[in-house]
Amino acid sequence: MNISRRHFLGVAGGMISSAAAGNCKKVFAARQPKAPPNPYGCVVDLTACVGCRTCEQACNRVNHLPPPKERLDDRTVLDQKRRPSTGAFTVINSYYSGRLDEQNQLVPTYVKVQCMHCQDPACASACITGALSKKDNGAVHYDKSKCVGCRYCLVACPFQIPAYEYFDPLTPRVRKCTFCYERISMGGKPGCAAACPMEAITFGNRQILLEGTRRKITANPVRYLNKIYGESEVGGTSWMYISKDPFEKLGFLSLPHYPMPHLTETIQHSIFAYMWAPITLFAILTGAMWKINPEQINHAPGFQAQEDHI
Amino acid sequence: MKRSSKGKLTIVLMSLIVLSLGTVLAIAWAEAEPDRADKTGFREVLVGLIDSIFERDRAGESKPAVVKTNPPAHRAWHDRVASARQRGKETIPLVKDVFKETASERRARLAYRLRPKDIPAEYNFFVMNCPLVNEEDDFYGPVRFMHKKHASISNDCSGCHHYRPNVPDASETMRCSACHQNSFNPIAPDRIGLKGAIHRQCTGCHKKLHRGPIRCSSGCHEKRVRDHTELVELSRKPDALEVTKECLRCHPAQGEEMLSSTHWLWKGPSPFTLGQDKRVDMGKATVTINNFCVSVFSNWPRCTGCHAGYGWKDASFDFTDKTRIDCLVCHDTTGTYRKDLKAAGMPDPSVDLLLVAKKVGKPSRKTCGNCHFSGGDQDFVRHGKLNALLDFHGSSCDVHMGGLGFQCHDCHKTRNHKISGRSIALPVAEGSRSCNHCHTDAPHQEKSLLTHHLNKHSDHIACVTCHQPVYAKYTPVKTYWDWSTAGDKERKVKRDEDGMPDYAWEAGDFSWGREIKPVYAWYNGKVKRHLLGDPINSEGVTNLNEPAGDIMDRESKIYPFKIMGGTQAADAKYNYLLVPHLEGVGGFWQALDWQRSFASGAEASGLAYSGEYKWVETAMYLSLNHEVLPKVFALSCVQCHESLRNRLSCGRCHQDKRGVDFRELAFSGIDEKLIHLTRKADRSQINETDWLNFKDLGYKGDPILYGGRFKKLPLGWKVASQKK
Ligand code: SF4
Ligand code: SF4
Ligand code: SF4
């Protein structure tokens, strides 16, 4: 999967600035992880998912979104590599890892995409008003009343999950999977997990889930790669995946194993440390102004006229 | 003292003997020919009693055909369906601890202890509708799971019953929900819930074996239709066209689909008509002719009373106009929608269209039956296998619809409003269905000594040949229609004991039959068809359609047919069949003048009329694919194979083996039960063999003695020389 422009700018920009700052060690060391101790989690078993999109339908229902535009039995959308949007907090995409079945047909692997509910979420740390926050039950929760629409979360999220209601000029919101915050707070299950006919999504206490999943992988070494995606990626996520095929072939990004806020906060903190960035910026701007060719200024029509006058 | 006690004993003994004799006599009396026995209430009570003891059903047997409100119900089957539904809803305590063993250990151990044939009858099938599965949403209807069939095909119980409870005296096999219940259960975190367990087990195996459905509503579930009460926006008294417009508001694509369907066009591709297989315009609307009401031409408003549209009253009907589609006739769930059968498809004015529109849903036996049960103008006329009784439970009428509650579309899979299935009487087909689509080419799956033999038979014999030994089981059906005598308004109509008339001045003489033995013929799926304008058979009966097939054609199998005979008019000079115009101006019913009627019919159908007509005999073959009976009512071996009649063992072909009850194998299903079915049929046949009449089918005689069509028993191949 290609890294999109937004992601490239987000990460690459951050790298450059932090490299420029050069002195981020202090900030790194100072930062405390914000992961809740005992959150819920979900494990998506990619070997069990059949791409039926029942979870999409259920998600839209429990979140009061209009039903998916494409009919559920329309399987062509699976190949479109959709992203979560304001009208769909979760989508299923299909990937072909190259594995063949007995009829020599490529075997598809279906990947459910939604907010990963990072243990230490970059979106929340980038949020300047605290509209996004990690709750104790694991949900990264969005509070519309606090949101000022800066959309830093869109840039910060390493998985490019949050979507913004650009079409709504008056009360635009950031939309993303809520981990069915209300439902799980009341002891329920996420809508998608409860609806999945294959139980490809297992919901429960993250720690217990991880233990169970490790047992499952050990017991079925042929069926599963020895890896739980999300166990430690970006410092751990509440949504995790297990698979038979390598994750790189299924559209999963290879991400660092430390929380992304280390990066984003570093960027922000570094930018504003000792006011070096504003000073540099103004210096660059000034330099740029000097660089502008005085002759060009002279050749501007207004100056010309003045000259003529003289 | 002594003597008197002896006397008492004698009296007691005597009265016991008298009582038992009386019971025997009473049973014999009750079992005797019911027609001859007087029908007192007591006799009926007795019959009921005996039936309930032997779990037998003869409901509908002695009831007149016109009584439609008294459904025949086969108790045992009925109970089984009810208890399967009940069991499907139950939840039982969770088995927490299972006995761990490897898959191969378990398979080996179970193979000793359990055979599919040991499955008790009440576990033959399940209606899976557990609340554990439906707790999140309930968009799909319950699944009918044929347990025994699956067990027989896989022949390995351990595939699904992969663990047993870790309690010594527990049952070896438990239902799925004993171990799999709520998903994400903290008590058993490594165990998936019932919903996941079932879905993974089913689709896993279906995918691996490339067999059985794997998508939600392509075979397992029926998708529930949303409640339309709030969605439908109509005035309080809408007319039919307004309703269609409202349907199309949200379902325009479905309207388009309908416009190219057979049910709308009454014509279409005819892949199975010999010599016409590339045509795309064959059907009732264009070229076919029958010996009931003969042809649609000039008779539109009445014939099109069954059209899935509104207002096809003459040749100018616009088949591209979506707004004239009748959605409700198929999608009514209230059971109140009716068409006015003389008004070109318009609904009966008494129907509350608003109510029907708000309650739309999936088609059902009732909606399909609205038209298909009453082919030939009313219920029980045309088919001998499709009638309103199918809408009631009772596997002694039909094992699928009656016994298992199938709806028509459970078999006649429908995609884009194109309904699969075809009839021998009509050329159009939108996909075909046959028993082996579900039952496979080896439909008998029981572990029994007969299975091999029965499955061999299915290469040569259609399922319904054995599983429908007689047709028109509970209701009379028209077998002959003589138009030549029509027009006598004075003639007194006589009614037979079922209340069926022998004459109607509009139509002529009729014959009726009940519990009729079919006519058997080789059939390979193709049909020779007589079309409008084709020359009639000058030497005898003109067959309006005829199954193609031959004893030496490997594709052909023996099928049962109903033959419908008729006398209808042909042009004396041009020698083709004529179309009578019946109702309205110029119609026969108005002026009782055949000349005018034929002239007008000929004009409408585009054929010339010479001015002279003659009456000729015609015949139609009608297939008998419904009213399928379970094995207890199917033909037995001996019923066809004379050579088995006097045998006592399998020793003719097999090494004799003690402990095999030959008579139970070869005679099962015969006599007693069939006698009840064929109460009125030619009873001389009952104790005879050669039910199919091998000689007529091209054999020299019983194939066990003379050899089959390709192979001679008991050993060795040969080219059959007994061709007709
Ligand atoms: S996936 Fe993105 S939006 Fe979701 S919690 Fe992590 S950073 Fe935030
Ligand atoms: S957890 Fe809830 S919001 Fe998130 S994808 Fe599942 S159903 Fe949708
Ligand atoms: S509902 Fe389950 S099986 Fe279906 S697409 Fe979603 S995760 Fe996959």
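The values are calculated or read from the model by the stated rules, or taken from the named source; none is laboratory data. All of these numbers come straight from a predicted model, not from anything done at the bench. Counting neighbours? That spans all protein chains shown, and the Cβs are built from the backbone with ideal geometry, glycine included. Only protein heavy atoms, including side chains, enter the accessible area calculation; ligands, DNA and RNA are left aside. Shrake-Rupley method; radii C 1.70, N 1.55, O 1.52, S 1.80 Å.
Okay, here's what the table says:
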| read-out | value |
| --- | --- |
| B:Arg663 accessible area, 1.4 Å probe, all protein chains in place, Å² to nearest 10 | 110 |
| Inter-part distance where the range B:544-567 and the range B:424-485 are each reduced to a Cα centre, Å | 12 |
| Sulfur and carbon atoms: percent of accessible area, the range B:90-220 [1.4 Å] | 58 |
| Exposure ranking of A:Thr171, B:Thr273 by accessible area [1.4 Å probe, largest first] | A:Thr171, B:Thr273 |
| Measure of compaction for the range B:397-494 (Cα Rg per 2.2 N^0.38 Å) | 1.55 |
| Accessible area expressed per residue, the range B:90-220, with surrounding protein chains retained (probe 1.4 Å, Å²) | 57 |
| Residue pairs, from the table B:Lys267/B:Lys362; B:Lys562/B:Lys631; B:Lys237/B:Lys342; B:Lys267/B:Lys358, whose Cα atoms sit over 27 Å apart | B:Lys267/B:Lys358 |
| Partner chain coverage, peptide A:71-80 - average Cβ within 10 angstrom | 1 |
| Only Lys, Arg (+1) and Asp, Glu (-1) charged, at Cβ; the range A:122-174 dipole about Cα centre in debye | 80 |
| Contact surface B-A: accessible area buried, both sides summed, square angstrom, 1.4 angstrom probe | 1900 |
| List of the range A:184-226 residues, accessible area with partners at least 50 Å² below that of the chain alone (1.4 Å probe) | A:Lys189, A:Pro197, A:Met198, A:Glu199 |
| Nearest-0.05 FRET efficiency for B:Arg645 and B:Gln595, computed from C-beta distance (R0 45 Å) | 0.20 |
| Pairwise centroid distance, computed over Cα atoms, of the range B:624-650 with the range B:304-354, Å | 45 |
| Pair-distance profile P(r), taking every C-alpha pair of the range B:90-220, with 5 angstrom steps and integer % | 2, 9, 18, 23, 22, 17, 8, 2, 0 |
| Kirkwood Rh (inverse of mean 1/r, distinct Cα pairs), the range B:161-224, angstrom | 13.6 |
